[in-house]
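Trainee: There's a structure below that I have some questions on.
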Amino acid sequence: MNRFRIGFLKKFFLLLLLAGPVLGQAGAPAGQQVVVVDFDEVFRTTLYGRRIIAEFQQANQVLSDEFERIAEELVAEEKNLSDLRGSTEPSAFKEMALAFDQKSTRLRQEQEDKRVELKLAGDAAQSDVLQQFGPIFVQIMQERNATILLEKKQVVLVIASADITKEAIRRIDQELGDGR
């Protein structure tokens with residue numbers, strides 16, 4: 001999820017930059033007001049974020065289980081192949097070994113392709129989260145006349161009234177539910 005968080009933050013801050021003109025129209029005071037949010041907490045605790053996390057954990061577990069099953073089958077097949085080595089013609093054994101090698105290489109590549117596909121699905125979900133959460137953060141910022149939103153973990157000291165994390169969680173759950 002760490003890669004997810006970094007990518008999310010980059011895309012989110014890009015959205016805020018694009019929302020700048022909207023914030024300016026809201027009548028923000030000349031002094032820049034700052035609010036903070038704990039993005040990890042928002043993602044971990046909203047219904048929407050928990051659903052996405054659960055879906056990807058489940059998909060990753062299915063992929064891991066499949067990989068373990070394939071690995072066990074390949075180990076058994078390799079043992080059988082080794083057992084045949086002494087009783088098989090060298091040329092026939094070489095063909096069987098080559099076929100096994102090609103099969104195991106193909107299966108490893110298929111698993112890697114599935115992991116890449118899962119990562120791409122994660123990236124797509126990340127974009128969806130940004131599109132869904134961004135306007136809610138902007139709305140809260142406008143209500144507080146804030147022009148800057150910072151990640152709470154990057155701030156040394158902040159007063160509680162500048163932290164919009166709980167409000168964001170409440171609104172995201174209220175407005176978006178689990179995102180379905």
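The values are calculated or read from the model by the stated rules, or taken from the named source; none is laboratory data. As the structure is a prediction and not an experimental result, all values here were calculated from the model. Don't worry about glycine lacking a Cβ; one is built from the backbone with ideal geometry, like all the others, and counts go over all protein chains shown.
Trainee: Do the conditions hold for residue 137, that is, is it farther than 15 Å from residue 34 by Cβ, modelled with pLDDT of 90 or more and not basic (Lys, Arg)?
Mentor: no
Trainee: Within segment 87-108, can one find any residue that is surrounded by 13 or more Cβ atoms within 10 Å (Cβ to Cβ), closer than 27 Å to residue 50 by Cα and under 24 Å from the mean Cα position of the chain (by Cα)?
Mentor: no
Trainee: While we're here: Is it the case, given these coordinates, that residue 168 is of a type in the set (Gly, Ala, Ser), in contact (Cβ under 8 Å) with a residue 12 or more places away in the chain and in contact with a Ser or Thr (Cβ under 9 Å, 6 or more places away or on another chain)?
Mentor: Taking the combined requirement at face value, the residue satisfies it.
Trainee: Quick check on this structure: which one of 176, 107 is closer than 30 Å to residue 67 by Cα and at pLDDT 90 or above?
Mentor: 107
Trainee: For segment 56-68, does any single residue satisfy the condition of being under 30 Å from residue 35 (Cβ atoms) and not polar (S, T, N, Q)?
Mentor: Checked segment 56-68: at least one residue is under 30 Å from residue 35 (Cβ atoms) and not polar (S, T, N, Q).
Trainee: Look at residue 158 and say whether it is surrounded by 13 or more Cβ atoms within 10 Å (Cβ to Cβ) and in a loop (DSSP other than H, G, I, E, B).
Mentor: yes
Trainee: Identify, please: which residue in segment 71-81 is surrounded by 12 or more Cβ atoms within 10 Å (Cβ to Cβ) and either in contact (Cβ under 8 Å) with a residue 12 or more places away in the chain or among the β-branched types (Val, Ile, Thr) (or both) and is, among those, farthest from residue 108 (Cα to Cα)?
Mentor: My answer is 81.
Trainee: Look at residue 138 and say whether it is surrounded by fewer than 13 Cβ atoms within 10 Å (Cβ to Cβ), among the β-branched types (Val, Ile, Thr) and over 11 Å from the mean Cα position of the chain (by Cα).
Mentor: Answer is no for this residue.
Trainee: If you don't mind, there's one more thing I want to ask. Regarding residue 84, is this residue of a type in the set (A, V, I, L, M), in a helix (DSSP H, G or I) and exposed (fewer than 14 other Cβ atoms within 10 Å of the Cβ)?
Mentor: Against the criterion (of a type in the set (A, V, I, L, M), in a helix (DSSP H, G or I) and exposed (fewer than 14 other Cβ atoms within 10 Å of the Cβ)), residue 84 qualifies.
Trainee: OK, next. Restricting to segment 161-180, and then to whatever is within 20 Å of residue 48 (Cα to Cα) and among the polar types (S, T, N, Q), can you tell me which residue is surrounded by the fewest Cβ atoms within 10 Å (Cβ to Cβ)?
Mentor: Top of the filtered list is 174.
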